1. Rounded if a/c is under 1.5, else prolate if a/b beats b/c, else oblate: with a ≥ b ≥ c from the C-alpha gyration tensor eigenvalues square-rooted, which is the stretch 281-501?
2. Using the 10 angstrom Cβ neighbour count as an exposure proxy, how do Ile415, Ile343, Ile295 rank, fewest first?
3. Could you list Ile152, Ile74 so that the one with the fewest beta carbons within 10 Å of its beta carbon is first and the one with the most is last?
4. For the stretch 7-180, I need the span (max minus min coordinate) of the C-alpha atoms along each principal axis, in Å, sorted largest to smallest.
5. Add -39500 (n - 2.57) for each DSSP H run of 4 or more in the chain, then divide by its residues: what number comes out at 222 nm, to the nearest 500 deg cm²/dmol?
6. Taking 8 Å as the Cα distance limit and 6 or more residues as the minimum spacing, I'd like the relative contact order of the chain as a percentage.
7. Sequence gap at least 6, Cα distance under 8 Å: using those rules, report the relative contact order of the stretch 113-240 to the nearest whole percent.
8. What is the helix-to-structure angle for 403-417, meaning the angle in degrees between its Cα long axis and the longest Cα principal axis of the chain, kept from 0 to 90 and rounded to the nearest 10?
Amino acid sequence: MKTYPNASILTLITQTDGSNEKLLYIYLNTIPDFYPSDKVHWYDGAGKDGKPNNVWDRLAIKQWTGCGKDAVMIKLFDELLSAKKFIVDGKEVLLTIQPYKVKSNSADPMRSRRETVFDSLTTENSPFIPQEFYQKENLQFLSGYKTGSTEIKPFYPLGFFEENFIYDNLKKHIWGIKEYRTAYLTFHGVRKTSQKNVGSKEMVGFYQQNFDSTSNYSAIVKNETNQEIGKADVDKQTGFFKLNLCEPTQKGKVEILINDKEEKAIEYVLLQDIQFNSHIANATFKDAYGRSHMITSEKKIRPESVPNFTWQQNVYADKNTANQKLSDLFQSILDYLGPKILIADPYFFGDIKEDSVTAELHLKDDQIALVNAMTHSALEKGISKLYFLGYWGRANNQLASDWHSKYEKFYKKYILSNKLEKYFPLSSIEFRNAQNEFHNRYWFSLTDQDGVEVLDKCVIITNSIGNMSELDIISITDESQLRQITRKYTGLFNNSQWRLSI
């Protein structure tokens, strides 16, 4: 018989805290491999000889990774939590561990026989973990799914954490996971005996387990009504099984029995007649952050909502990542509000600096983020009109008197040099000055009602373009609040003065 896999990998993510290491995240993962020794192997550059993987120098965040037998690694996991220390290649590492609760999914018998069994460590609203470690983009760099950060190195080994694995768990207040090995089951329908819209009449599969030589292992297929439609023995030498079914199947359940007692079961839906739509990419667009995107003739469906979000530039690993995220947030708002959009900001688009020697215009980071978002949204969803409503009486202390000529110079050059005339036709961007003072920043959608442009959806933006290092984005969903805001800004917009069209 084949030897059942018995290896687990343990990784700890810590932050130096004086002579201790704060435990930020811990994950024990079973792997499909065999480990021959009772001694833990610590990986080079991630714990071997007491040398961890320094992944984020500014925050002193490190990674320690070891491999060993399942039982040995489970014991190590438990002991380091209780003793608040562990030994790595003869060197003692002291841990600072926050209070936590343990939750196990094995309490649910239906889950435990179908999925991975694990314990999770949870802490509600913990200030223990640094804010930067909660940031999705930073974790994508750390997990190796984003590259190019000058500050962050990826965890070892690459791909150990699935994309957004840590982020999704932290959102649920989970900072530790201990997996237990369970038998592995996989199967699929045989294509040769598959009938379109009916299903397959054969099933093949693989079951991985420490087989008992005195027990009988069998696989059963049941249909949607829980009737048995096929049964076969599992080959204990290989783990394989093949079933001939008395009727074709698309949906049902595969059960593994030991001496006629169910040990594992997985429900299934066989995928058939898969189709995909293709369209020709007319061109590609490289955005302000070096990302290439296909330009297609197909306009995607607009999102029905936009999530509330807090953006703070200093919590990202580097400025480029922060600005890229800000631009993507702007785009999500424009996609949601479009194709007609009103940006009500007393400071319009903010001041654009002009070089006194070269006369070149230089945008600030958040201005670049917005222009980049406008371009993406116009290419992917379409923008037919974009209004900027400002108030010169408030803005004139911060904007140069020739602000409109700078706006015109920049936008016209940007559209022409990037060949975006098709997406920003003449007069699609317009700047208007309100006659009465306002302070808040709102982004609106406009809809046509009997030939009149009416403000509809609304998103609160808590800072002005040209002055952003942090920002809150809040979608207005309360109907009475929305009507109160739109009444005021409809009046401001309808009575505003035209200043510039591009």
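Every read-out reported here was derived from the displayed coordinates using simple, explicitly stated rules and does not represent laboratory data. What you see is a predicted model; the values in this text were computed from it and never measured. As a convention, Cβ positions derive from the backbone with ideal geometry for all residues, glycine included, and neighbour counts pool all protein chains shown.
1. Values: a/c = 1.26, a/b = 1.10, b/c = 1.14.
In terms of gyration-tensor shape, rounded.
2. By the 10 Å Cβ count, ascending, the order reads Ile295, Ile415, Ile343.
3. Values: Ile152 26, Ile74 20.
Starting with the residue having the fewest Cβ neighbours, the order is Ile74, Ile152.
4. 45, 35, 30
5. On the way: 9 runs with 102 residues, N = 502.
Per the formula, -6000 deg cm²/dmol.
6. On the way: 995 pairs, mean separation 49.1, N = 502.
Computed over the chain, the figure is 10 percent.
7. Working: 148 pairs, mean separation 25.6, N = 128.
Result for the stretch 113-240 is 20 percent.
8. 50
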